[in-house]
Amino acid sequence: SLELNERLTKLIEEIYDCAGSEFNINSPKQLRQILFDNLKLPVVRRSKTGPSTDEEVLRALSDKHQLPALLLEYRQLTKLKNTYIDTFPELVDKKTGRIHTSFNQTGTETGRLSSSNPNLQNIPVKTDIGRKIRKAIISFDKDSILLSADYSQIELRILAHLSKDENLISAFKNKEDVHCLTASLIYGLDIKDVTD
């Protein structure tokens, strides 16, 4: 947390220097003014309240000016700090001294399992800070284990079971790519002829 605070402090200074003035980085209204009025960057997409400043827009603008890339880094670091680093100590169970995530079976629109308090499914792995956060997630002692599981298309497996669909059941039993098989059946192609 201290290391991240240090980086965020420097990053905020870089953002202000790049923008030419200080502003509330978390205010979409002020950010719109800096990006589109002051810096005259092109409007990529509009929202109900004006030009969008979402992640996709900032990525698109990153090749035109340095500020959008700095803003993306700022957002990523503040999200990791607020979601994981500063939150983990508050989630320690007083009885066990451990953090216990909750798995939710009905929390998503897609029907997939989700994890909360903390969400252990979305900790980044490709960034240095993400790897450092993952290093903190360890088993309690030498006699304990940390289990990582991939349910491997559990929703489709349940669908195959409940519907008794022979093609789906066969695909899972034979370890075939279900999506390729489905495409081959829909388009009347041999599974070898299905492209990505």
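The values are calculated or read from the model by the stated rules, or taken from the named source; none is laboratory data. Here the structure is a predicted model, which means the values were calculated and not measured. Glycine also receives a Cβ, built like all others from the backbone with ideal geometry; neighbour counts cover every protein chain displayed. When the accessible area is computed, the model is the full protein with side chains, heavy atoms only, and any ligands, DNA or RNA have been set aside. Shrake-Rupley method; radii C 1.70, N 1.55, O 1.52, S 1.80 Å.
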Practice item. Please state the charge dipole magnitude for region 11-162, taken about the Cα centre, from unit charges on C-beta atoms (+1 on K and R, -1 on D and E), reported in debye and rounded to the nearest 20. Key: 260 debye
Check your understanding: Once Rh for region 123-196 is found with the Kirkwood sum over Cα pairs, what is the Stokes-Einstein diffusion coefficient at 25 °C and 0.890 mPa s, in µm²/s?
Key -> 156 µm²/s
Review point. Which angle from 0 to 90°, rounded to the nearest 10, does the C-alpha axis of helix 2-19 make with the longest principal axis of the chain?
Key: 60 degrees
Check your understanding: Between rounded, prolate and oblate, where does the chain land on the alpha carbon gyration tensor, with a ≥ b ≥ c its root eigenvalues, rounded for a/c under 1.5, else prolate if a/b exceeds b/c?
Key -> oblate
Review point. Helix 178-187 versus the longest principal axis of the chain: what angle, 0 to 90°, nearest 10, using Cα atoms?
Key: 80 degrees
Exercise for review: Kindly flag which residue pairs out of LYS64/LYS126; LYS64/LYS135; LYS126/LYS173; LYS29/LYS94; LYS10/LYS94; LYS10/LYS142 have an alpha-carbon separation exceeding 31 Å in this structure.
Suggested key: LYS64/LYS135; LYS126/LYS173; LYS29/LYS94; LYS10/LYS94; LYS10/LYS142
Review point. At a 1.4 Å probe radius, carbon and sulfur cover how many percent of the accessible area of region 1-44?
Key: 46 percent
Exercise for review: For a quick protection proxy, order the peptides 105-112, 48-55 by their average other-Cβ count within 10 Å, most packed first.
Suggested key: 48-55, 105-112
Check your understanding: Using a 1.4 angstrom probe and counting only protein chains, how large is the accessible area of VAL178 in Å², to 10?
Key -> 10 Å²
Practice item. Give me the distance in nm between label points sitting 7 Å out from Cα along the Cα-to-Cβ direction at ILE137 and LEU2, one decimal. Key: 2.5 nm
Revision key, fill the gap. Taking every other residue with Cβ under 12 Å from the Cβ of SER62 and scoring Lys and Arg +1, Asp and Glu -1, one gets -2
Check your understanding: Taking the Cα atoms only, what angle lies between the long axis of helix 66-80 and the longest principal axis of the chain, rounded to 10 degrees?
Key -> 60 degrees
Check your understanding: Residues of region 4-146: accessible area per residue at 1.4 Å, in Å²?
Key -> 68 Å²
Review point. Ordering ASP17, ASP93, ASP177 from largest to smallest accessible area (1.4 angstrom probe), what's the sequence?
Key: ASP17, ASP177, ASP93
Study note, to complete from the structure: In region 120-196 the accessible area split gives carbon plus sulfur, as whole percent at 1.4 Å, a share of 55 percent
Practice item. Pairs of Cα atoms under 8 Å, at least six residues apart: use those to get the relative contact order of the chain, whole percent. Key: 10 percent
